[in-house]
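Here is the structure we will look at, set down as structure tokens.
The values are calculated or read from the model by the stated rules, or taken from the named source; none is laboratory data. The model shown is predicted, which means the values in this text are computed figures rather than measured ones. Cβ sites come from the backbone with ideal geometry, for glycine too, and all protein chains shown count toward neighbours. Please note that ligands, DNA and RNA were not included when accessible areas were found on the heavy atoms of the full protein model with its side chains. Shrake-Rupley method; radii C 1.70, N 1.55, O 1.52, S 1.80 Å.
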Amino acid sequence: MSLNLLRRCARSLSTAAPSYPFSKIAVIPPAPATPPPAPLLQGKGLMAHLADTLPSADKLRLLKTYFSKRHPLRILPGSVLSVTMGHAPTQFTGVLLSVRRRGIDTSIVLRNVVNRIGVEMQVFVASPHLKDIKIVQRAGGGTGQGKTGKRMRRAKLFYLRDSPEKMSSISAGLRG
Amino acid sequence: MIGLKGTLNVIDNSGALLIECVNVLKQKVNNGWGGVGDEIVCVVKRARPIATASGSNVVKVRRGDVRRAVIVRTKKSVRRPDGRYIKFDDNAAVLLNNKREMLGTRIAGVVSADLRMKGWGKIVSLAPKVI
């Protein structure tokens, strides 16, 4: 009986994640080491706190490097990206038309021409369904090593919807 | 978002080229607009000229026929359950008969993968590319 008491004390003192009895998939993160500061408990700075804690670590890294405004390795519109999702259709490759930066709601629009039909997909970067983003070609041609690529003169390349010749010039640089 | 007077390209080999929507069937949500995977009643506006000696047993439609069709691509973006949005550059459909079977035998072009979720697995399996 004293052993049980000892076990219960040890369990309450441990910082391991508590188990959720109704689902095996649910992940309950362990409580943070430091308690939340008093202004946060009142609700001040809540959205900024969520922006730092809600996405997983590698999603946060993605957001802070590839999709930030000034990082040396950020992805410029006009690059060709290939995204891999968790379920069908798994792969989509396309030219990056726009990056909509809203913290955790950051999304990108990729455009591709498949069987002579233009297809656009808007992908939310922090989604857990998004498995991988590969940079096939940086903007203005070139490999993904080091340089960001040549900057297009627009932040949003929606004019590519009306000019198939500019789209094919980007893809020609890809295959060449 | 296809409604009355909306035109769609036909991407199977039934002979029709352009159809105009007249009614969207069974659509009580979305304010009556049709999206990918919805059945519509349509009028054939333009069709391929029918050869008099036709060896194949595919039903060829004429201009002015009233048929049913299922929408396979829309210009309006469609939300997938995982949160991404897909839109195509045109509206397209595949003709059907009254028993929800395809009139044509082949499909040319891309179709949307939302068809599978709405129960049109046969069309998805015939399509050369599903996005």
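Sorting A:Val83, A:Val113, B:Val78 on solvent-accessible area from highest to lowest, probe radius 1.4 Å, gives A:Val113, B:Val78, A:Val83. Projecting the Cα atoms of B:Val41, A:Leu73, A:Leu50 onto the dipole axis of the protein assembly as shown, where Lys and Arg carry +1 and Asp and Glu carry -1 at the beta carbon, places A:Leu73 farthest toward the positive end. Using the Cβ of A:Asp52 as centre and a radius below 13 Å, the other residues enclosed give a net charge of +3, where K and R count +1 and D and E count -1. Largest to smallest in accessible area, the residues A:Ile117, B:Ile40 fall in the order A:Ile117, B:Ile40 (1.4 Å probe, all protein chains included). What does the charge count near B:Asp38 come to, summing +1 for each Lys or Arg and -1 for each Asp or Glu among other residues with Cβ under 9 Å from its Cβ? With Lys, Arg at +1 and Asp, Glu at -1, the neighbours total +1.
Across peptide B:75-86, the average count of Cβ atoms from other chains found within 10 Å of a residue's Cβ is 5.
For the stretch B:65-89, the residues whose backbone nitrogen is under 16 Å from a point 7 Å from the Cα of A:Arg116, taken along Cα to Cβ, are B:89.
Per residue, the convex hull spanned by the Cα atoms of chain B measures out at 102 cubic angstrom. Counting heavy atoms of the protein chains alone, B:Lys122 has an accessible area of about 140 Å² for a 1.4 Å probe.
I want to make sure I understand the PRE zone here: with the label point 7 angstrom from the Cα of B:Ser125 toward its beta carbon, which residues in the stretch B:76-114 have backbone N atoms less than 15 Å away? Answer for the stretch B:76-114: B:101-102, B:105-107. If you plug the beta carbon distance of A:Leu40 and A:Lys166 into 1/(1 + (r/R0)^6) with R0 = 45 Å, you get a FRET efficiency near 0.40.
Normalised by 2.2 N^0.38 Å, where N is the number of residues, the C-alpha radius of gyration of the protein assembly as shown stands at 1.32.
The listed residues A:Asp162, B:Asp89 rank as A:Asp162, B:Asp89 when sorted by accessible area, largest first, using a 1.4 Å probe.
Are there chymotrypsin sites (Phe, Trp or Tyr not before Pro) in the stretch A:11-104 that DSSP marks as loop and that have at most 14 other Cβ atoms within 10 Å, and which are they?
Listed in order of number, the matching sites are A:Phe22.
Within the shell of other residues whose beta carbon sits under 11 angstrom from the beta carbon of B:Val72, the net charge comes to -2, with Lys and Arg scored +1 and Asp and Glu -1.
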